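Computed from the coordinates by the stated procedures, all read-outs in this text should not be read as laboratory data. Note that the structure is a prediction, hence the values are computed from the model and not measured. Cβ sites come from the backbone with ideal geometry, for glycine too, and all protein chains shown count toward neighbours.
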């Protein structure tokens, strides 16, 4: 499965509210987003063993991050990354602040498009993550160090991204 070539649903709704998008265009893009997610679910329906193994790896990563930093802090930095305009995995991170969605669904350890957290340091006013995303092939995976800080409204924001 490829990464979505369109903005995440929160960005689409914001653009529609600002009058930058027509309603029909927003609905078409939201439909494409939904179809991409349903195609991924269908893939795991036809290969349940691969889906089970992927789920185990994703749950392990989520448990490690929750143990080290707490679920609220992890969700906060994922949501900050979702607002980046040129960050491809943001199409899958847009609802990280919804507590009814399990945290492990935001990670993709083995199947494409991958999104892994390799290193993490999250404090109350700043955070740094080393992430990998893109192709499941290690030589084609992009690796970045993303730095966050808390701004005056109390939310985390990305202040620096550097390719490693």
(message) When the expected Rg is taken as 2.2 N^0.38 Å, what fraction or multiple of it is the alpha-carbon Rg of the stretch 66-146?
(response) 1.04
(message) If I model the chain as equal point scatterers sitting on the Cα atoms and use the Debye formula, what is log10 I(q)/I(0) at q = 0.09, 0.13, 0.15 Å⁻¹?
(response) -0.31, -0.65, -0.87
(message) Mean-square fluctuation check for the chain, GNM, Cα pairs under 10 Å: which of 21, 129, 93 is largest?
(response) 21
(message) Sequence gap at least 6, Cα distance under 8 Å: using those rules, report the relative contact order of the chain to the nearest whole percent.
(response) 18 percent
(request) Have a look at 88, 140, 32 and tell me which one the Gaussian network model of the chain (Cα, springs below 10 Å) gives the largest fluctuation. (result) 140
(message) Under the √(5λ) rule applied to the eigenvalues of the Cα gyration tensor, what semi-axes describe the equivalent ellipsoid of the stretch 36-90? Give them in Å, descending.
(response) 25, 18, 7
(message) I want to check the label-to-label distance for residue 13 and residue 39. Put each point 7 Å from Cα in the C-beta direction and report it in nm to one decimal.
(response) 2.5 nm
